[in-house]
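These notes concern the structure reproduced below.
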Amino acid sequence: MQRTTLRDASGLEIMGVGLHWDDVEIGDRFRTLGRTITEADITAYVAAVGMVEEMFTNLEYIQEVSVIGARPVPGSLVFCTAEALLMQSTMQRTGMAFLEADIKVHSPTAAGDTIHVECEVVEARATSKPGRGLLRTSNKVVNQRGEVVLTYNPLRMVKSKPTP
């Protein structure tokens, strides 16, 4: 994997710029930093999207019926958190569109779990339009115990390396 260096008008390198589709090769692997999903994250997410199922909003009900012994994290929040981790490290200024993905939840995530994303490039090719390509990764969302809790395979439209 070879990142393209972007510079501002004064020549300073711009840090945090994401990957271009032609910066990577099939088989390249990387991982993100981790993030702990907190009670506050769950509350904010549930309120923002209107996911008012008792399993996410009623702590007494959760204590009575939960098989995981803790407040569960909605699978869609696990996916969104994984995407946020990837945005921070791979898509800034280079991502153009999220096109599709198959998503599978393998095991529950609970409040207090810390996740990171492990990615492998499985497709990287130019489109018919100049300046962009398609990039697909196979993503595993892994918790602090090393358990894969969610997998997905996003196809994204991503910018090409800038021409000098």
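The values are calculated or read from the model by the stated rules, or taken from the named source; none is laboratory data. Note that the structure is a prediction, hence the values are computed from the model and not measured. Cβ: placed from backbone, ideal geometry, glycine included. Neighbour counts: every protein chain shown.
Residue-wise test of (1) over 25 Å from G146 (Cβ atoms); (2) among the charged types (D, E, K, R); (3) free of Cβ contacts under 8 Å to residues at least 60 places away in the same chain.
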position	(1), (2), (3)
I37	no, no, no
I42	no, no, no
V46	yes, no, yes
E64	yes, yes, yes
M91	yes, no, no
E100	yes, yes, yes
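The set of residues in region 87-99 that are modelled with pLDDT of 95 or more and either closer than 13 Å to N139 by Cβ or touching a Phe, Trp or Tyr at 6+ places or on another chain (Cβ under 7 Å) (or both) contains only F98. Look at region 15-38 and say how many of its residues are at pLDDT 90 or above and surrounded by fewer than 16 Cβ atoms within 10 Å (Cβ to Cβ). Of the residues in region 15-38, 9 are at pLDDT 90 or above and surrounded by fewer than 16 Cβ atoms within 10 Å (Cβ to Cβ).
How many residues are surrounded by 14 or more Cβ atoms within 10 Å (Cβ to Cβ) and either in a loop (DSSP other than H, G, I, E, B) or modelled with pLDDT under 90 (or both) if we restrict to region 39-53? Within region 39-53, residues that are surrounded by 14 or more Cβ atoms within 10 Å (Cβ to Cβ) and either in a loop (DSSP other than H, G, I, E, B) or modelled with pLDDT under 90 (or both) number 1. Specify the residue that is modelled with the highest pLDDT; the eligible residues are those in region 144-164 that are in contact with an Asp or Glu (Cβ under 6 Å, 6 or more places away or on another chain) and outside any strand (DSSP E or B). Per the stated criteria, the residue is N153. Considering L77, L33, the condition of being in contact (Cβ under 8 Å) with a residue 60 or more places away in the chain, hydrophobic (A, V, I, L, M, F, W, C) and farther than 19 Å from E123 by Cα is satisfied by L33 alone.
Given the criteria in contact (Cβ under 8 Å) with a residue 60 or more places away in the chain, on the phi > 0 side of the Ramachandran plot and either surrounded by 13 or more Cβ atoms within 10 Å (Cβ to Cβ) or under 15 Å from the mean Cα position of the chain (by Cα) (or both), does G112 qualify?
On the way: in contact (Cβ under 8 Å) with a residue 60 or more places away in the chain: yes; on the phi > 0 side of the Ramachandran plot: yes; either surrounded by 13 or more Cβ atoms within 10 Å (Cβ to Cβ) or under 15 Å from the mean Cα position of the chain (by Cα) (or both): yes.
In short, yes.
Restricting region 54-75 to residues that are hydrophobic (A, V, I, L, M, F, W, C) and not in a helix (DSSP H, G or I), the residue that is surrounded by the most Cβ atoms within 10 Å (Cβ to Cβ) is V73.
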